[in-house]
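Below is one structure, written out as structure tokens, with a few remarks after it.
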Amino acid sequence: MKGRNALLCALVFVVLYGTAACASRYDDLLARYEAARIGDVAAAALRTRLAGAAEKPAPLDLWDSLTREGTSPELRAANALALLDALVPDGDPARWNEAGGFWRPREIPTPLAAVDAILYAAGALAEMNDPGAPWLARKLLLALLSDPAAALLFADNGPAEYAMTVDALTRKQVLPPHGVWRKDVSVGRLPLACECKGFIKRGRAMEDGMTCLEGAGRPVANGDYAGDRGRGNLYAVMGEMGDLVPKEHDQYVQ
């Protein structure tokens, strides 16, 4: 009899504890969604304000401004968003790969410049005190990471600045819907886009695990360009037979 009573008490405890735990998780989820709803409203207002604060140069000059010393987080965010609007339809980070081509004569791939715009904007927003800023950063990153290729390249193997940004957002309790920002191994630093200044053989690029780009500058499995993200270099890919190297390029990697 005593054993049955003990078992009954244990079952009652488990049911009550489980019910309380479920209620707590449900309340946490509701609070998170309500915070995101309010944050998204503030983020939309901030993006409108930043659109009027951006400088008005050509897209290449906007990209250059992202690494300019002494730029305030607000101006860097504004310029990055203006660049994103210039490169991508509707300024939508999920469509980053619709940017295409290179800025000539510097030979800088615009798809990677679009990702630079997203990541620099998110990083600058994470530094700002505006209540909508971290939520705008969240919105930009969630849109970018909705593309599986972008999530693999720029989150799982993202630049160090991506990890710093999502860590800052986590400290502010600005989280994705599932509660944890995606990240793994940091590879290199921003900017991702850079000038093509040399040549490399295809075998060496594949052996070193470089990021390949096709002729329009978009990441592909095997392309015409190879980016060494650890060193911040971009090369044109040659065949394996010692092709002639045009004189205008600065370096040749065996």
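The values are calculated or read from the model by the stated rules, or taken from the named source; none is laboratory data. Note that the structure is predicted; figures quoted are calculated from it, not measured. Every residue, glycine among them, receives a Cβ derived from its backbone with ideal geometry; neighbour counts consider all protein chains shown.
Odds and ends about this structure:
- Annotation note: of 43, 31, the sole residue that is closer than 22 Å to residue 134 by Cα, touching a helix residue (DSSP H, G or I) at 6+ places or on another chain (Cβ under 8 Å) and part of a helix (DSSP H, G or I) is 43.
- Test: residue in segment 75-86 that is at positive phi, among the acidic types (Asp, Glu) and at pLDDT 95 or above: no
- Residues of segment 197-228 classified as without any contact (Cβ under 8 Å) to a residue 60 or more places away in the chain, buried (at least 16 other Cβ atoms within 10 Å of the Cβ), among the small types (Gly, Ala, Ser) and in a loop (DSSP other than H, G, I, E, B), total: 1
- Looking at 74, 69, just one residue is part of a loop (DSSP other than H, G, I, E, B) and either farther than 30 Å from residue 223 by Cβ or more than 15 Å from the chain's Cα centre (by Cα) (or both), and that residue is 69.
- Taking the criterion of being in contact (Cβ under 8 Å) with a residue 60 or more places away in the chain and in contact with a helix residue (DSSP H, G or I) (Cβ under 7 Å, 6 or more places away or on another chain), the residues of segment 176-196 that qualify are 190, 191, 192, 193.
- Members of segment 99-118 that are in a loop (DSSP other than H, G, I, E, B), under 14 Å from residue 213 (Cβ atoms) and over 16 Å from the mean Cα position of the chain (by Cα): 100, 101, 107
- Qualifying residue in segment 93-111 (condition: out of contact with any strand residue (DSSP E or B) (no Cβ under 6 Å at 6 or more places or on another chain), surrounded by 24 or more Cβ atoms within 10 Å (Cβ to Cβ) and of a type in the set (Phe, Trp, Tyr)): yes
- Total residues in segment 1-32, condition closer than 18 Å to residue 137 by Cβ and either β-branched (Val, Ile, Thr) or modelled with pLDDT of 75 or more (or both): 0
- Those residues of segment 55-64 which are surrounded by 20 or more Cβ atoms within 10 Å (Cβ to Cβ) and under 12 Å from residue 81 (Cβ atoms), in sequence order: 62
- Qualifying residue in segment 171-184 (condition: modelled with pLDDT under 95 and more than 30 Å from residue 31 (Cβ to Cβ)): no
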